[in-house]
Every structure is written in structure tokens, then in C-alpha cells.
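Here is the structure we will look at, set down as C-alpha cells.
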Amino acid sequence: SKLAALFEHPLYNIPVPEVTEKDKLFIINPMEKFSLRSSGSDEWVSSSKAETLLPTGKTAYDTYPTWLKFHIGINRYELYPRRDPLLPMLLRDLATQRIISSVQKSGGTQLKLIMTFPNYGQALFKPMKQTRDQETPIDFFYFSDFERHNAEIAAFHLDRILDFRRIPPVSGRLVNITKEIWDITTDKKLAKTFFISPAGNICFYGECSYYCSTEHALCGKPDRLEGSMAALLPDKTLAKRRSWRSPWRRSYHKSKKAEWELNPNYCAQVRETPPYDRGHRLLDLIDMTILDFLMGNMDRHHYETFEKFGNDTFLLHLDNGRGFGTHSRDEPSILAPLQQCCSIKKSTYLRLQLLATQPYRLSDVLREALAADPLAPVLAEPHLKALDRRLGKVLVAVGHCLAR
């Protein structure tokens, strides 16, 4: 296994700083036990007298469902640890837990659903809109591209292989539109959009600002539909997140250019602007840029951080559905922050060099990681080959900076 060998490499065993209580997203009472109310009502019961309720040898933590353990494990330095025994369990839950509720997520240009499980875990479902081998047409603007379910799955694994660990876990899943969406939804607006197509397939389109119409309906075969299931982050009422506009945001206009596209010294002014004037925020943004270039994602207008940790924390790499749309061409402008600032974390650079060598080739380790997903093969082979080509271009860009 190339993947196992990669994670054993010294570059993937650099210790994170010691996590103190103030570095944890949540401080929990070790005696607090959580269980479902036996009355069948949709409530948790918590008891501070956990020791009287627990079987011998069990801790209160053992009573928590996997999604809650994932939330509790989030800290200032990482969304989940490198060798996290919870990860396979959480991915399995996302792929197999019974769905008891499906409602549309508000906002956004395309349809997304919030799925709820019996253990109160929730996932964000993005349905399949196009096949693996369909490329984004060359004349499409980046902001009118489809979001791809397989891009969300591949982005999670790529982010982990780069050792960023800033994307919440994502699994592929085959959903029954009738039993797992139509029959159980309490969302009246969503329910009104179901129909049976001339081919006899079950379809729906929901309500959103861009791709929600009968022309862009999502149809099963006849009612089976692929999608990505992403673990949700803790509710914002429990763990506030701050949204930051990316300094290298595109203009989202058909003819206007953004300032960074016109000013070759743009990075100098970014470096003087908080929060990029201190700490590792700019370097973290460049990490995100490299991830986006490898995926071909041009749609990174904002990013988020957990408010509790201030400026000294990682960036959350959310919404990656517009990655992996093209494999036959690369988009060099995505690398503008790296090229203009000529800065990169040493650890990131060393890992990129490692992933360009034969024993740890990026396409090989990602192919291996994706093979375990329920929807494998997740990426068409040309997309995997494109990763190696793009990785080479990132290393060339760093080489130009070193030469300068």
C-alpha cells in the first residue's frame, strides 16, 4: 500500500503542538453521559450521574455517537488527527446510517439536502449532476459550472493526502429518492418539485437561485441516485465560525477583472492587511491555493475559521464541488497567491516534492484512497493523471521563486 507507506513517512509524523484545554473547540464534562430518550421523542438526555448509568468499564465518552466524537476532537491545529480511528467509522456511518429526514439546505446556487440519521448525526448531501467523464465546457464561466458530488469526495481525500486535514469527512452514497427523500421529507417546497420523467424515472429539482428547474432536474435510475455525504460541522450556535473574503477572490463578472489580476505587486498590500500581516494565515491561504490548483477549482471566494481560535488556527476548506471539472487543461491563475507572494510552508513544499516521486506518486495514493469509497471509481483516470501534471507545475512555480 503506497498510501500506508506515505502516512508512515517522517513528513507525515511531524508532531502538532500540545493541545491544551483552551485549544479545544469544546470542553466536555467527562461524567456527562448522552443517550436517546426511551420515549422515542427527538431529544438527547444528559445525566451528570453517568457513573450510576454506565456499564462497568465504560466511560461517558463511549456513549457518544461517532459524529459527536468527531466534533469533540476538533482543536486549534486540526479538524481531525492523522491517525484517527474514528475516521473509518464516521465514513461508514455517512454511507450506511438510515436516513430519517431529508430537507433542502437554504441558500446557494444549487440544490443540497440536509440528511438526518437516527443518532442525530447530520450530513450534507450533494446529488450527482453529471457523469465522471463529462468535462466543463470550455466556454462556461467558472461561476455557472455544476457542482460535482465526486469532487467533494475526492477533495476530502486529496486534502488528507496533502496532510492539511481541513475538509470534513465525505463519503459517497447511493440514495433511494423515493424512500430516503420523497417519502420522508417535511420540506413542503421540496416535496412540490418531485415528478416522474417520460422515461419513468423519479426526479426532483428543489428551490434555489440557479440550477433548480425541470430542465436541471435530478433523476434516479429509476429512483437510485448517487451523491456525496459530508459530515456537518458543529452548529454555529455552539461553535461560531467566521467567514473571510479571499483577497484573491475572482470578480464574478463576465468582463471585469479583479485587482490581483491587474496589479503584479498585489501581494505586498495583502501582507500589510490584517489578518495576513502576522502569523501563518497567508501561508495557510497558499496551502488552500495549491489544493485548488490541483483540483482545478476556481470558485474559492470565501473561507471560514472557528471564531474561538482567533487568527492562530487553520482555514476550513469547505464547498469543493467545482473542483475536478476539467482534466485536459489547467488554470494557472489559481496559483496567483503562490506566484505573487513567493511564499510556501516548508512542510508543504517537502510533502509536494515527496508526492512527485515514484514510490508516493500523488495519482497512485489518491486512486488507492478513493478505491475504498462506495461509489468507486470516484474520478475518471484522466483526472488522476492531471494531478501529477499540475503537481509538477506547482513545483516549477516554487522553483521560479527560489531562483528569484
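The values are calculated or read from the model by the stated rules, or taken from the named source; none is laboratory data. On a predicted model such as this, the values are computed, not experimentally measured, just so you know. Cβ: placed from backbone, ideal geometry, glycine included. Neighbour counts: every protein chain shown. For accessibility, only protein heavy atoms count, side chains too; no ligands or nucleic acids. Shrake-Rupley method; radii C 1.70, N 1.55, O 1.52, S 1.80 Å.
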Mind checking the dipole of segment 241-403: about its Cα centre, +1 per Lys or Arg Cβ, -1 per Asp or Glu Cβ, Debye to the nearest 20?
300
Computed for segment 180-219: size of charge dipole around the Cα centre, +1 on C-beta of each Lys and Arg, -1 on C-beta of each Asp and Glu, debye to nearest 20, value 120
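Full-extension gain between Glu381 and Val19, please, as 0.36 nm times their residue separation minus the C-alpha to C-alpha distance.
Stretched out fully, the Glu381 to Val19 stretch lengthens by 126.3 nm.
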Please calculate how many Å² of accessible area the chain carries per residue, with a 1.4 Å probe and no DNA, RNA or ligand atoms counted.
47
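Quick check: from the Cα gyration tensor, does the chain come out rounded (a/c under 1.5), prolate or oblate?
Details: a/c = 1.64, a/b = 1.17, b/c = 1.41.
The shape class here is oblate.
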Please compute the modelled spin-label separation between Ala268 and Ile100, points set 7 Å along Cα→Cβ, answer in nm with one decimal.
6.0
Area accessible to solvent at Leu283, 1.4 Å probe radius, in Å²
50
Out of Leu233, Pro247, Pro274, whose Cα points farthest toward the positive end of the dipole of segment 209-283 (charges: +1 Lys, Arg; -1 Asp, Glu; placed on Cβ)?
Pro274
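Within segment 284-363, list the trypsin sites (Lys or Arg not before Pro) lying in a DSSP loop whose Cβ has at most 12 other Cβ atoms in a 10 Å radius.
Arg329
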Among the lysines, which have Cα under 17 Å from the Cα of Lys385 when same-chain residues fewer than 8 positions away are ignored?
Lys2, Lys393
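Report, to the nearest whole %, how much of the accessible area of segment 241-403 belongs to carbon and sulfur atoms, 1.4 Å probe, protein only.
That share works out to 53 percent.
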Measure of exposure for Ile138: accessible area at 1.4 Å probe, Å² rounded to 10, is 130
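Pairs to check: Lys189/Lys254; Lys69/Lys189; Lys189/Lys221; Lys129/Lys189; Lys105/Lys345. Give those whose C-alpha atoms are more than 27 Å from each other in this structure.
Details: Lys189/Lys254 32 Å; Lys69/Lys189 34 Å; Lys189/Lys221 23 Å; Lys129/Lys189 20 Å; Lys105/Lys345 36 Å.
Distance filter (> 27 Å) returns Lys189/Lys254; Lys69/Lys189; Lys105/Lys345.
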Counting helices only, and only those DSSP H runs with n ≥ 4, report the 222 nm mean residue ellipticity of the chain as the sum of -39,500 (n - 2.57) divided by its residues, in deg cm²/dmol to the nearest 500.
-8500 deg cm²/dmol
Once fully extended, how much extra length lies between Lys254 and Ser347, figured as 0.36 nm per residue of separation less the alpha-carbon to alpha-carbon distance?
29.7 nm
Please work out how much length the chain gains when fully extended from Thr237 to Asp330, using 0.36 nm per residue of separation minus the C-alpha to C-alpha distance, in nm with one decimal.
29.5 nm
Please get the size of the charge dipole for the chain, origin at its Cα centre, with Cβ charges of +1 on Lys and Arg and -1 on Asp and Glu, quoted in debye to the nearest 20.
340
Take Arg278 and Arg389, extend 7 Å from each Cα along the Cα→Cβ direction, and tell me the distance between the two endpoints in nm.
4.4
Simple spin-label estimate for Asp312/Ser197, 7 Å along Cα→Cβ, in nm, reads 5.4
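When only the heavy atoms of the protein chains count and the probe is 1.4 Å, how do Ser255, Ser243 rank by accessible area, highest first?
Numbers: Ser255 95, Ser243 70 Å².
Putting Ser255, Ser243 in descending order of accessible area: Ser255, Ser243.
Just reorder Arg76, Arg92 by solvent-accessible area, largest first, 1.4 Å probe, all chains present.
Working: Arg76 40, Arg92 140 Å².
The ranking, largest first, comes out as Arg92, Arg76.
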Per-residue accessible area, 1.4 Å probe, largest first, puts Lys257, Lys105, Lys126, Lys236 in the order Lys257, Lys236, Lys105, Lys126
